[in-house]
Structure formats: structure tokens, C-alpha cells
């Protein structure tokens with residue numbers, strides 16, 4: 001979150017509220033308090049995103065990873081076998097790509 005942008009938007013909203021309502025504007029102290037609160041939320045968001053990145057894989061994710069790697073190994077073995085069969089028959093296969 002861009003703090004400068006948030007501050008500008010907040011000030012614009014406050015100005016509009018002052019024009020069209022009887023509410024008093026925030027004092028400097030209240031604005032400072034709000035800045036403290038918003039910085040805590042930004043810090044918490046950063047910490048939470050770091051925790052997500054460093055958390056271990058779930059059982060479901062581990063099973064999925066095993067499925068993916070097993071299918072890749074199977075395809076690799078098939079490619080090697082196919083290449084060996086081609087070499088044994090002294091055949092070369094040309095593919096044309098348009």
C-alpha cells in the first residue's frame with residue numbers, strides 16, 4: 001500500500017466531508033494515531049506474507065508434487081526408450097514444424 005497515495009485520498013475525503021457535513025476534521029493527534037495504526041497493519045501484512053512463503057507444504061501439496069514428478073519421470077523414461085528404439089532400428093525421425 002502506497003502511504004502517500006492513502007494520505008492524499010484521506011485528505012481529499014476529509015475536505016469533502018468538511019464541505020458537506022457538520023463533522024469536525026481529524027486533529028493532528030488523531031491523524032498521527034491513524035498513521036501508527038496503518039503502519040502496524042502494513043507490518044503485519046508483510047510478516048504474514050513472509051510466513052506463508054516459509055511454511056511447509058501440506059499433505060495435499062506433497063501428494064500433488066509426487067504425482068507431478070512421477071509423471072515427469074515416466075515421460076523421461078518413455079523418451080529415452082523411444083530414442084533407444086530409434087537408434088537400434090537405424091531410423092531417424094524428422095519432424096516438420098510450420
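The values are calculated or read from the model by the stated rules, or taken from the named source; none is laboratory data. On a predicted model such as this, the values are computed, not experimentally measured, just so you know. Cβ coordinates were reconstructed from backbone atoms using ideal geometry, including for glycine residues, and neighbour counts include every protein chain displayed.
Has the range 66-89 got any residue that is at pLDDT below 70 and not in a helix (DSSP H, G or I)?
Yes, because at least one residue in the range 66-89 is at pLDDT below 70 and not in a helix (DSSP H, G or I).
Quick grid of which residues meet (1) assigned to a helix (DSSP H, G or I); (2) in contact with a helix residue (DSSP H, G or I) (Cβ under 9 Å, 6 or more places away or on another chain); (3) at pLDDT below 85; (4) surrounded by 11 or more Cβ atoms within 10 Å (Cβ to Cβ):
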site	(1), (2), (3), (4)
6	yes, yes, no, yes
19	yes, no, yes, no
31	yes, yes, no, yes
43	yes, no, yes, no
47	yes, no, yes, no
60	yes, no, no, no
